[in-house]
1. Would you point out which residue out of A79, A12 is surrounded by 13 or more Cβ atoms within 10 Å (Cβ to Cβ), under 11 Å from the mean Cα position of the chain (by Cα), at negative phi and of a type outside the set (S, T, Y)?
2. All but one of (1) touching a Gly at 6+ places or on another chain (Cβ under 8 Å); (2) crowded, with 21+ Cβ neighbours inside 10 Å; (3) small (G, A, S) hold for A110; which doesn't?
Amino acid sequence: MTKSGNDLVAEAKARVKEIDAANAIMEKQKPETVFLDVREPNEWNLGHVPGAIHIPRGQLEGKVEGVLGRDKNVVVYCAGGSRSALAADTLQQMGYQHVTSLKGGFRGWAEGGGEIED
């Protein structure tokens with residue numbers, strides 16, 4: 001069976017927990033929570049969640065273990081919520097147990113009043 005990119009995103013979203021911007025803003029206050037930005041460098045440079053770790057989606061599997069402990073609460077985000085769902089699904093497969101994907105991505109964060117760092 002052939003699957004589209006949308007099919008893969010929908011399947012990933014069914015396997016991961018999504019969090020909306022309001023809850024993500026509250027989660028940001030907890031010291032054990034880390035925000036992981038999986039957008040491309042040009043997107044990151046336009047603004048990001050303060051204190052976020054930046055690992056582009058295409059480099060995630062090779063870099064995340066050296067940067068992020070499996071015991072952390074991780075909120076993954078991208079621009080709109082699709083790449084972050086795929087990344088969160090991958091992290092879960094790698095043994096990260098406390099992973100959520102930011103519904104609506106960075107756009108949702110900004111529209112929800114989340115703080116932005118340049």
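The values are calculated or read from the model by the stated rules, or taken from the named source; none is laboratory data. Here the structure is a predicted model, which means the values were calculated and not measured. Cβ placement follows ideal geometry from the backbone for every residue including glycine, while neighbour counts extend to all protein chains displayed.
1. A79
2. It is condition (2) that A110 fails.
Residues checked against (1) at pLDDT 95 or above; (2) under 15 Å from the mean Cα position of the chain (by Cα); (3) buried (at least 17 other Cβ atoms within 10 Å of the Cβ):
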{"residue": "M1", "(1), (2), (3)": "no, no, no"}
{"residue": "D20", "(1), (2), (3)": "yes, yes, no"}
{"residue": "I25", "(1), (2), (3)": "yes, yes, no"}
{"residue": "E32", "(1), (2), (3)": "no, no, no"}
{"residue": "V38", "(1), (2), (3)": "yes, yes, yes"}
{"residue": "P56", "(1), (2), (3)": "yes, yes, yes"}
{"residue": "G62", "(1), (2), (3)": "yes, no, no"}
